[in-house]
Amino acid sequence: MKNLTAVNALKVFSGMLLFFFFAATVVPAEGGRGVLALPNEEGTVTVSWRLLASDTADVAFHVYRRDLYRGPEYECLTSTPVTKTTRYEDSSVKNGNSYRYKVHAVINGREVPSLDSSYVTSTDWHRPYVSIAFEGDYQARTVAIADLDGDSVLDFVIKQPNFNTDPYHRKRYWKRSSEPYQLEAYSGASGKLMWRYDMGWSIETGTWYAPYVAYDIDEDGFREVYAKAGEGDPRAIDGRVLEGPEYLVKIDGRTGKVIAKTNWHSRKGWDSYNRSMRNMLAVAYLDGRHPALIMQRGTYDLIKTSALDRNLEAIWTREAENPHSLPGPGTHGLLTADVDCDGRDELVLGSTVLDDNGEVLWATGLGHPDPCFVADIDPENPGLEIFYGIEPRRSSKGVTLVSADNGRILWSYDGATRHVHSKGMIGDIDPGHPGIECYAGEQDSSQFWLYAADGTRLSNQTLGTLSPIAVWWDDDLYKEVIVDGRLFNYPDETIMEIEGRVLAVADVMGDWREEVITSLPGELRIYSSTQPSDRRHIWLMEDRQYRLGVTAGSMGYYREPQLSKNLK
């Protein structure tokens, strides 16, 4: 029997019908079941779905299938409901037929249908991914993931083209922008373009000029997009934007229209273009109940940070009066987590942590970190930990794990470091050691560090890059690693090849395993595991820290989202 995949799009071009064959057309839902059907090489279809936090411990599931060649009726594939997992293997499919799958939860003996379903049709090859076709042959730079129109379907907001200029002028980091960034929203239900927003010439095409996030800050049930903005074309003769008004804009997620704006933090206070042109956004639950938008300017010394409410009015603003009044520089992103276990989120700026009221909670004084992750890394230490790789030259403590509640150093590298660089990685990749492993390396590749959670150095060898990506992919609770498109079990067992530049890792659809979202010319791909699993875990996006990590993934340097508590 031939393998199955999905017909995702039918387009007319130059008078000819062009058929684009993709893995599946899926309708994932925020709070819905995220039903996903993907074809396997064995000629079967893997159907998977979400377990929700609202589900009872004894919830079970029936899987239904409709053969689109035979009529509108669904048949139940499960003689007894599925109880131990959120996955079903359909081995009764026929080549040439097309199917739609849906899932009913069984709660107190009563079936509750899901609102979403997944469609799959037959071709002669296997593709373990969903694909969304762009409106052009460009690649995405970043992606935000959110339900924009309130239909319980996760949508995707890309920023294109895939071009980056950095404010740092030496060597080749800064380049003149050749075209403005466009934000494009694509429907997760249909794959169609919902809207396009032109960021304009006032925003240079680089990570630090063009932050954006998607979240329901005003809590009206629809996710908005927030972005930095300006006016007109204020470029200097060399292409830099040195003047002109700067705003934070609120974009309607349904239409792409700007519906509100407020002033961005001013450029005043810096004497360096490089230092002043670093802008960030994030979301935090500062009161433990309602989301606040975090707006920041600055990374290395002077840092201006504001928390904004649903009306874009300041809850608080912290602006350093001089480069030394905010101790401990920031990092290349904004991390939010409840580091002191009081139910309210704090802001991990880098080596400084701000409390929910904007006051400094603690600072390490170690300097600016490139690698910076917050998670429950060490199971022997209560609460969360933060892993740092410090960029400035240090005689010791350049690679460090600290307790997130007070910044106390738990362990560190005692030798000298010159420039610990790029993102690094954390992930429980080694079954031989409890907790999460931590990885970092020098910019010149002269040293590498892989540590166990307790500070045992496991390796001084590279994983193949300074920025590997860890992902839950197979059935166990240990993560796999992605380097240059190769997905493998540590230390070196290849699982599969993944095409495209990785934009994000998140539990977007299907069961508890994470999806890998990549960009290729003209296409967004969402890879998902079809490996067997006998486990079920609550949808990872229901963990607040993980969800806010996904939200922050569309701005700054990308870091994989982390849970507040590890899976068991």
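A few comments on the model shown:
- Condition broken by Gly510, with the remaining ones in (1) buried (at least 23 other Cβ atoms within 10 Å of the Cβ); (2) modelled with pLDDT of 95 or more; (3) under 30 Å from Asp147 (Cα atoms) satisfied: (2)
- Residue, farthest from the chain's Cα centre (by Cα), within region 475-519, restricted to residues that are assigned to a loop (DSSP other than H, G, I, E, B), acidic (Asp, Glu) and more than 23 Å from Ser117 (Cα to Cα): Asp492
- Test result for Asp355, among the charged types (D, E, K, R) and in contact (Cβ under 8 Å) with a residue 24 or more places away in the chain: no
- From Gly415, Gly432, Gly455, residue being free of Cβ contacts under 8 Å to residues at least 60 places away in the same chain and at positive phi: Gly455
- Inspection of region 520-536 finds no residue satisfying the criterion of being basic (Lys, Arg), open to solvent by less than 10 Å² (accessible area, probe 1.4 Å) and touching a residue at least 24 places away in the same chain (Cβ under 8 Å).
- One residue stands out in region 93-113 among those that are outside any strand (DSSP E or B) and either under 14 Å from Trp49 (Cα atoms) or open to solvent by less than 50 Å² (accessible area, probe 1.4 Å) (or both): the one that is modelled with the highest pLDDT, namely Val93.
- Of the set (1) in contact with a Lys or Arg (Cβ under 8 Å, 6 or more places away or on another chain); (2) assigned to a strand (DSSP E or B); (3) open to solvent by less than 40 Å² (accessible area, probe 1.4 Å), all apply to Ile259 but (3).
- Odd one out for Leu567 among (1) touching a His at 6+ places or on another chain (Cβ under 9 Å); (2) closer than 23 Å to Arg141 by Cβ: (2)
- Unique residue being open to solvent by less than 50 Å² (accessible area, probe 1.4 Å), over 25 Å from Asp507 (Cα atoms), touching an Asp or Glu at 6+ places or on another chain (Cβ under 8 Å) and at pLDDT 95 or above when the list is Val471, Val420: Val420
- For the residues Ser131, Ser190, the requirement of being of a type in the set (S, T, N, Q) and either in contact with a Ser or Thr (Cβ under 6 Å, 6 or more places away or on another chain) or part of a loop (DSSP other than H, G, I, E, B) (or both) singles out Ser190.
- Some residue of region 246-264 being more than 27 Å from Leu520 (Cβ to Cβ), free of Cβ contacts under 8 Å to residues at least 40 places away in the same chain and among the polar types (S, T, N, Q): yes
- A Cβ distance below 7 Å, combined with a sequence gap of six or more or placement on separate chains, defines the contacts here; from region 292-311, residues that are touching a residue at least 12 places away in the same chain (Cβ under 8 Å) and under 16 Å from Ala552 (Cβ atoms) reach residues that are aromatic (Phe, Trp, Tyr) and not in a loop (DSSP other than H, G, I, E, B) in the pairs Leu293/Tyr226; Ala307/Trp316.
- Residue among Gly407, Gly398 that alone is open to solvent by less than 40 Å² (accessible area, probe 1.4 Å), modelled with pLDDT of 95 or more, farther than 13 Å from His368 by Cα and not acidic (Asp, Glu): Gly407
- Residue list for region 246-256, restricted to those being among the charged types (D, E, K, R) and in a strand (DSSP E or B): Lys250
- Any hit, region 143-154, residues being open to solvent by 10 Å² or more (accessible area, probe 1.4 Å), among the hydroxyl-bearing types (Ser, Thr, Tyr) and under 28 Å from Arg275 (Cβ atoms): no
- Residue within region 450-461 that is of a type in the set (Ser, Thr, Tyr), in contact with a strand residue (DSSP E or B) (Cβ under 6 Å, 6 or more places away or on another chain), open to solvent by less than 50 Å² (accessible area, probe 1.4 Å) and part of a loop (DSSP other than H, G, I, E, B) present: no
- Out of Arg318, Arg344, Arg310, sole residue that is surrounded by fewer than 22 Cβ atoms within 10 Å (Cβ to Cβ) and assigned to a strand (DSSP E or B): Arg318
- Subset tally (residues that are more than 15 Å from Tyr413 (Cα to Cα) and in a strand (DSSP E or B)) for region 375-389: 2
Yes or no, residue by residue, for (1) exposed (fewer than 15 other Cβ atoms within 10 Å of the Cβ); (2) more than 19 Å from the chain's Cα centre (by Cα):
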residue	(1), (2)
Ile158	no, no
His169	yes, yes
Trp174	no, yes
Glu184	no, no
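- Qualifying residue in region 75-85 (condition: assigned to a strand (DSSP E or B), open to solvent by less than 50 Å² (accessible area, probe 1.4 Å) and either closer than 23 Å to Asp534 by Cα or among the charged types (D, E, K, R) (or both)): yes
- In region 365-382, of all residues being more than 22 Å from the chain's Cα centre (by Cα) and within 19 Å of Ala440 (Cα to Cα), the one that is modelled with the highest pLDDT corresponds to Asp378.
- On inspection, Pro392 passes the criterion of being modelled with pLDDT under 95, part of a loop (DSSP other than H, G, I, E, B) and surrounded by fewer than 24 Cβ atoms within 10 Å (Cβ to Cβ).
The values are calculated or read from the model by the stated rules, or taken from the named source; none is laboratory data. These numbers were taken from a predicted model, which means no experiment stands behind them. Virtual Cβ from ideal backbone geometry, glycine too; neighbours counted across all protein chains shown. Note: accessible area is taken over every heavy atom of the protein model, side chains too, but ligands, DNA and RNA are not part of it. Shrake-Rupley method; radii C 1.70, N 1.55, O 1.52, S 1.80 Å.
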